[in-house]
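For reference, the structure discussed in these notes is given below.
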Amino acid sequence: MGLALTRIVFDPDSCKGCLICVAMCPKKVLALSGSRNVKGYLVPEAVRSRDCAGCRTCEKICPDMAVYLLEETP
(Lines give C-alpha, C1' and ligand atoms only; values in the text may rest on other atoms or scores of the structure.)
Protein backbone atom coordinates (compact mmCIF):
# COMPACT_ATOMS: atom_id res chain seq x y z
CA MET A 1 0.00 0.00 0.00
CA GLY A 2 1.61 3.29 -1.17
CA LEU A 3 1.33 6.75 0.20
CA ALA A 4 -1.50 8.84 -1.19
CA LEU A 5 -0.55 11.92 -3.19
CA THR A 6 -2.75 14.94 -2.86
CA ARG A 7 -3.77 16.86 -5.94
CA ILE A 8 -5.35 20.28 -5.46
CA VAL A 9 -8.08 20.98 -7.99
CA PHE A 10 -9.66 24.38 -8.65
CA ASP A 11 -12.89 25.09 -10.49
CA PRO A 12 -11.77 28.47 -11.79
CA ASP A 13 -15.18 29.49 -13.07
CA SER A 14 -16.71 29.08 -9.60
CA CYS A 15 -13.95 31.10 -7.93
CA LYS A 16 -14.52 34.77 -7.12
CA GLY A 17 -10.86 35.44 -6.35
CA CYS A 18 -11.28 36.12 -2.64
CA LEU A 19 -7.97 34.28 -1.93
CA ILE A 20 -9.12 33.08 1.48
CA CYS A 21 -7.68 29.69 0.56
CA VAL A 22 -4.29 31.27 -0.11
CA ALA A 23 -4.30 33.14 3.20
CA MET A 24 -5.42 30.15 5.26
CA CYS A 25 -3.16 27.43 3.83
CA PRO A 26 -0.84 26.45 6.70
CA LYS A 27 1.85 25.17 4.31
CA LYS A 28 1.67 28.14 1.90
CA VAL A 29 0.97 25.79 -0.99
CA LEU A 30 -1.38 28.19 -2.80
CA ALA A 31 -0.69 31.52 -4.47
CA LEU A 32 -2.38 33.98 -6.78
CA SER A 33 -1.99 32.97 -10.41
CA GLY A 34 -1.89 35.26 -13.39
CA SER A 35 -4.95 33.54 -14.87
CA ARG A 36 -8.40 35.06 -14.94
CA ASN A 37 -11.65 33.12 -14.97
CA VAL A 38 -14.68 33.85 -17.16
CA LYS A 39 -15.84 36.48 -14.67
CA GLY A 40 -12.49 38.29 -14.83
CA TYR A 41 -11.27 37.31 -11.36
CA LEU A 42 -7.66 36.32 -10.79
CA VAL A 43 -7.72 32.79 -9.42
CA PRO A 44 -5.34 30.87 -7.14
CA GLU A 45 -3.10 28.00 -8.10
CA ALA A 46 -1.10 25.33 -6.30
CA VAL A 47 2.54 26.41 -6.53
CA ARG A 48 3.96 23.94 -4.01
CA SER A 49 1.71 20.89 -4.37
CA ARG A 50 4.31 18.54 -2.90
CA ASP A 51 4.14 20.45 0.39
CA CYS A 52 0.38 19.94 0.74
CA ALA A 53 -0.39 18.23 4.06
CA GLY A 54 -3.89 17.23 2.94
CA CYS A 55 -5.52 19.15 5.80
CA ARG A 56 -8.36 20.29 3.50
CA THR A 57 -8.41 23.78 5.02
CA CYS A 58 -8.71 25.27 1.54
CA GLU A 59 -11.66 23.01 0.80
CA LYS A 60 -13.41 23.81 4.07
CA ILE A 61 -12.85 27.57 3.97
CA CYS A 62 -13.79 28.26 0.33
CA PRO A 63 -17.15 30.07 0.29
CA ASP A 64 -17.70 29.07 -3.35
CA MET A 65 -16.65 25.41 -3.08
CA ALA A 66 -14.21 26.10 -5.91
CA VAL A 67 -11.34 24.02 -4.54
CA TYR A 68 -11.10 20.39 -3.56
CA LEU A 69 -8.47 17.75 -2.98
CA LEU A 70 -8.07 14.45 -4.75
CA GLU A 71 -6.00 11.76 -3.11
CA GLU A 72 -4.29 9.52 -5.61
CA THR A 73 -2.13 6.49 -5.00
CA PRO A 74 0.99 6.32 -7.16
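The values are calculated or read from the model by the stated rules, or taken from the named source; none is laboratory data. Just so it is clear, the model here is predicted, and its values are computed rather than measured. So basically every Cβ, Gly included, is an ideal-geometry build from the backbone, and we count neighbours across all protein chains shown. Ligands, DNA and RNA are stripped out before the accessible areas are found, and what is left, the full protein with its side chains, is counted by its heavy atoms. Shrake-Rupley method; radii C 1.70, N 1.55, O 1.52, S 1.80 Å.
Some observations on this one:
- Cysteines in the chain that, by Cβ-Cβ distance, have no pairing candidate under 4.7 Å: CYS15, CYS18, CYS25, CYS52, CYS55, CYS62
- For the chain, dividing the convex hull volume of the Cα atoms by the residue count gives 81 Å³ per residue.
- Packing, as the average of other Cβ atoms within 10 Å across residues, places the peptides 15-22, 32-39, 61-68 in the order 15-22, 61-68, 32-39, highest first.
- Extension gain for the segment SER49 to LEU32, taken as residue separation times 0.36 nm less the Cα-Cα distance, is 4.7 nm to one decimal.
- Per residue, the accessible area of the chain comes to 67 Å² when a 1.4 Å probe rolls over the protein heavy atoms.
- Approximating the spin labels as points 7 Å out from Cα along Cα→Cβ, the LEU42-to-TYR68 distance works out to 2.8 nm.
- Taking the 1.4 Å solvent-accessible surface of the chain as the whole, the part contributed by carbon and sulfur is 55%.
- Partners for LYS28 among lysines (Cα-Cα distance below 25 Å; same-chain residues under 8 apart left out): LYS16, LYS60
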